[in-house]
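See below for the structure under consideration.
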Amino acid sequence: PGDDIMLLASQALQYRAARKLPSEGTGNSLLQAAALLEEAIDHSPFNPHLKIAAIGVYAELNVAYRALALYEEMGIKQIQIDSCSYLILTVLVDGGLYTSAIKHSSSLLKLHCSASRDIKDFSVKALRNGLYFKANEMISFQRD
């Protein structure tokens, strides 16, 4: 329950930063949100929700190195790269970490290339076993 309260508090600070006029300065609220999330991560180092929220705050602050470190700490598995790449790719490019952006993009492309090779075999097996909906899912994934 404590993690959820920290997430809500950081979201409130981000909301405050978004509502402020540029003349009032939004950095202070974002820095407070980052500090709050860092403290929460220290106490719950395996909570991915805290890390994803912190990556979002660091993206707004344009602190790409820390966002990348948090992303890598999450231990994204190969199958998760496709659904989690949106968290980090724009942060890396906007933060000037082009080599890391290329590395992550290459991992994503490798996943799609290996999936396209494997889908042929798995969709045939699914059809043989009468799992037509699974074969359709695989073909849809390959098209997307």
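The values are calculated or read from the model by the stated rules, or taken from the named source; none is laboratory data. It should be emphasised that the depicted structure is a prediction, and the values quoted were computed from it without experimental measurement. Cβ sites come from the backbone with ideal geometry, for glycine too, and all protein chains shown count toward neighbours. Ligands, DNA and RNA are stripped out before the accessible areas are found, and what is left, the full protein with its side chains, is counted by its heavy atoms. Shrake-Rupley method; radii C 1.70, N 1.55, O 1.52, S 1.80 Å.
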(message) Ranking request for peptides 47-58, 3-14, 104-115: highest mean number of other beta-carbon atoms within 10 Å first, then the rest in descending order.
(response) 47-58, 3-14, 104-115
(message) For the pair Lys120/Ser140, report the inter-label distance in nm, with labels modelled 7 Å from Cα in the Cβ direction.
(response) 2.4
(message) Just to be sure I understand the model, the point goes 7 Å from the Cα along the line to the Cβ. What's the resulting Cys113 to Ile79 distance in nm?
(response) 2.2
(message) Ignoring ligands, DNA and RNA, please state the percent of accessible area on the chain from carbon and sulfur, probe 1.4 Å.
(response) 59
(message) Please compute the length gained on full extension between Thr99 and Phe133, using 0.36 nm multiplied by the number of residues separating them and subtracting their Cα-Cα distance.
(response) 8.3 nm
(message) Using the Cα centre of region 89-144 as origin and beta-carbon charges of +1 (Lys, Arg) and -1 (Asp, Glu), tell me which of Thr90, Ser114, Tyr132 is placed farthest towards the positive end of the dipole.
(response) Tyr132
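Work out the length of the dipole vector of region 17-144 about its Cα centre, built from +1 on the beta-carbon of each Lys and Arg and -1 on the beta-carbon of each Asp and Glu, and round it to the nearest 20 debye.
Roughly 640 debye, rounded to the nearest 20.
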(message) Quick check: from the Cα gyration tensor, does the chain come out rounded (a/c under 1.5), prolate or oblate?
(response) prolate
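Can you classify region 19-93 as rounded, prolate or oblate using the Cα gyration tensor, where a ≥ b ≥ c are the square roots of its eigenvalues, rounded means a/c under 1.5, and otherwise it's prolate if a/b beats b/c and oblate if not? If you can, show how the numbers build up before the last one.
Numbers: a/c = 2.72, a/b = 1.52, b/c = 1.78.
Oblate shape, in that a/c is at least 1.5 and b/c is the bigger or equal ratio.
Quote the convex hull volume per residue of region 58-107, based on C-alpha atoms, as a whole number of Å³.
Convex hull volume per residue, Cα atoms: 62 Å³.
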